[in-house]
Every structure is written in structure tokens, then in C-alpha cells.
Amino acid sequence: MLAVYFDAPGGPENLYIKEVEKPKPKEGEVLLKVHASALNRADLLQRKGMYAPPKGVSEILGLEAAGVVIGFGPGCIRCWKPGDLVMALLSGGGNAEYATVPEGHLMPIPVGMTFCQAAAIPEAWLTAFQLLHFVGKVQNKETVLIHAGASGVGTAAIQLTRLVGAVPIVTAGTQEKLHMARNLGAAAGFNYKEEDFSEKVLKFTDNAGVDVILDCIGGSQWEKNLHCLRTDGRWVVYGLLGAGEIQGDLLTALLAKRGSLLTSLLRSRTNKYKDELVKAFTEEALPHFSCPGPGQLQPVIDSVYPLQQISEAHQRMEENRNAGKIIIEMPSTS
């Protein structure tokens, strides 16, 4: 099969397509014929040598995929059958023509959805769902500040926040991205490059602050985050795009707010945790992708690249030019 590879850490130019052996499903795993995959920031970090896959996981990039079930490993309980159209949460291996996945990490593709649309869902939407519900414990009528509001996770979080009856507000780096976020349901959006988002957030909330912050930026914005966090609020860090180091007295400011600093990663979670997450998302959120109307959930796609243009796809994400998900389409579907 064809798969994305790199021989040494570095830039997008190090990526190439390589012929490798098709994976064999292990105990409790399903073999998937991949039609489309997608990029995530974790793929860029792994390519740079900064984020190794968990032990025993494929070193091929790709944390999500959509395709067709074609085989089973030993011990499967057979809740799926050959020919089923599915999307998969992966720990690696998605940027290839075939991938193996624990059967509990599969979800049915909503009716009428293409493989490219479905590939935009698993990692981004499950991450957003986890941050909001499993970690941040968002409640109806609370206000949620979502950084990188036009990213894959950001566009999912806006819609999932609305679904629970909470109020999403976002930050982004361009007016075009803020416009997209508002079209998806963001109640307000602020350009972090041109204005102090914390002051804007406080003005929007009548100086009350936000109940939950979904933060993929980290150290560079900690003071602004705490400035606009409501007393007893929850600050959820799931990425460090803006640095991991803190300069200043974080704990005193956090203590004054009685704030909770929470952190989360999804890739390194146990299979049992991911099974529970996939089950909850499938029951609570997935049906809303098939319900026409104002409350319908929709994956947001920035662009679609054939597998052979994987370097260009990485370059686009590295330059922060994408608004929504970057999809990788396999050769057999082009």
C-alpha cells in the first residue's frame, strides 16, 4: 500500500509517498480501506520530531480516517460488517491506503456524507467534545472562550457549545476566520493580533468573564486568559502553539480567581477511555449531523489534497492559512 513517510525530522519537504506492507489487524482491531484522511497539528509536530507516537502505534502520520470495513482481527465482537462505511479515531496510520483501528473507535458515517466530509470529524470533533464535556464540564448558558476558532477543533467546539445551550466566543488571527466562526454560531469573535481579546471578552460578558476557556496556545496568553476568566472558571489547555513556558506569577493569579487549570491530550489516552468517548459522541452528537435545520452540525473543510501533495498540505497548515480541516484523499478515490 501507499503511505506517507519521512526519513528524518524536518520540514514539509521531507515527506514522501512510500510503498509499504498492508497492516494486519491485531486482537480486537478492524482493517479499514481508507478513502480519506486529514491533517492535525500533531502530524506537524511528529514530522518535526517533537511528538512521537505512543508505544506500539504505527509511525505513519494520520490521526483520523474515513473508509470501508474490509477485515477483522481475532477477538472482534463484530459490531461492524464488511462494507460498512465508517470514520475512525486513530493513534496513527491514517495517511495511508489501509489502516487498522480498535473496533470501539469506529463511528458510522452519517447518511449523505462523503468520505472527505467524514474524515474531517473524528480527531477534531472528538477532541472538542472531550474538552467540553469530559474535561471542562460545560453547562447550559455558560460562556466558552475558544482560541483558534477557525481551526478544526475550534469550528467543532463552536457548534458543540451551541448544541449544549452554552455561548461560544472565539479568537482568530484574521477577519475572514472570525467571519467564518460567526457563521458557525460564535456569539462574538476577536482578532488577537489587533486587539486585547481579554478586554473585549470582559466587555462582552459585562465584566463577568467566561466560564470555560479552550486553549491550544498556552504560555504566551496566560495573563489575558486569567484576566477574562470568571471566578471559579475552568481553563482547559490542550496545546502549546504559543509556548509552554510561563513568565510571571501564574499561581497567585489563578488562586485569586479560584480557577481550575486543566490539561488534556487525546492521542495518549487508553483504549477504554477512547471507547467511552466515541460511544458518548456517537449517542449525543452524531445524530445532529443528519438533522437538517439550524441546529445541524457540519464539518468544516478548508481544502482537499491528493496523497501525492502531502507536503503542500503540511505547508498550508504550517503557515496557518487553513480555516477548517485539511483533507487528504487517497489515490483510489481521486
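Across the stretch 42-74, the qualifying residues are those that are surrounded by 20 or more Cβ atoms within 10 Å (Cβ to Cβ) and charged (D, E, K, R), and the one among them that is farthest from Gly154 (Cα to Cα) is Arg47. Would the stretch 18-34 turn up any residue that is of a type outside the set (Phe, Trp, Tyr), under 19 Å from Met330 (Cβ atoms), without any contact (Cβ under 8 Å) to a residue 60 or more places away in the chain and not assigned by TED's automatic domain parsing to the domain that holds Leu307? No, because not a single residue in the stretch 18-34 is of a type outside the set (Phe, Trp, Tyr), under 19 Å from Met330 (Cβ atoms), without any contact (Cβ under 8 Å) to a residue 60 or more places away in the chain and not assigned by TED's automatic domain parsing to the domain that holds Leu307. Condition test on Gly104, is it more than 18 Å from the chain's Cα centre (by Cα), part of a helix (DSSP H, G or I) and of a type outside the set (A, V, I, L, M)? For Gly104, the condition - more than 18 Å from the chain's Cα centre (by Cα), part of a helix (DSSP H, G or I) and of a type outside the set (A, V, I, L, M) - is met.
Scanning for something of a type outside the set (Gly, Ala, Ser), in a loop (DSSP other than H, G, I, E, B) and either within 17 Å of the chain's Cα centre (by Cα) or surrounded by fewer than 20 Cβ atoms within 10 Å (Cβ to Cβ) (or both), does the stretch 161-171 turn up at least one residue? Within the stretch 161-171, one or more residues are of a type outside the set (Gly, Ala, Ser), in a loop (DSSP other than H, G, I, E, B) and either within 17 Å of the chain's Cα centre (by Cα) or surrounded by fewer than 20 Cβ atoms within 10 Å (Cβ to Cβ) (or both). Taking the stretch 202-219 as the range and being closer than 22 Å to Val135 by Cα and in a helix (DSSP H, G or I) as the test, only Gly219 passes.
Residues in the stretch 67-76: is at least one more than 26 Å from Ala150 (Cα to Cα), outside any strand (DSSP E or B), touching a helix residue (DSSP H, G or I) at 6+ places or on another chain (Cβ under 7 Å) and modelled with pLDDT under 95? Looking through the stretch 67-76, at least one residue is more than 26 Å from Ala150 (Cα to Cα), outside any strand (DSSP E or B), touching a helix residue (DSSP H, G or I) at 6+ places or on another chain (Cβ under 7 Å) and modelled with pLDDT under 95. With respect to Val144, is the statement that it is in contact (Cβ under 8 Å) with a residue 40 or more places away in the chain, of a type outside the set (S, T, N, Q), in a strand (DSSP E or B) and farther than 30 Å from Lys81 by Cα true? Considered against the rule, which asks whether it is in contact (Cβ under 8 Å) with a residue 40 or more places away in the chain, of a type outside the set (S, T, N, Q), in a strand (DSSP E or B) and farther than 30 Å from Lys81 by Cα, Val144 comes out as yes.
The values are calculated or read from the model by the stated rules, or taken from the named source; none is laboratory data. Just so you know, these numbers come straight off a predicted model, no measurement behind them. All Cβ positions, glycine included, derive from the backbone under ideal geometry; neighbour counts span all protein chains shown.
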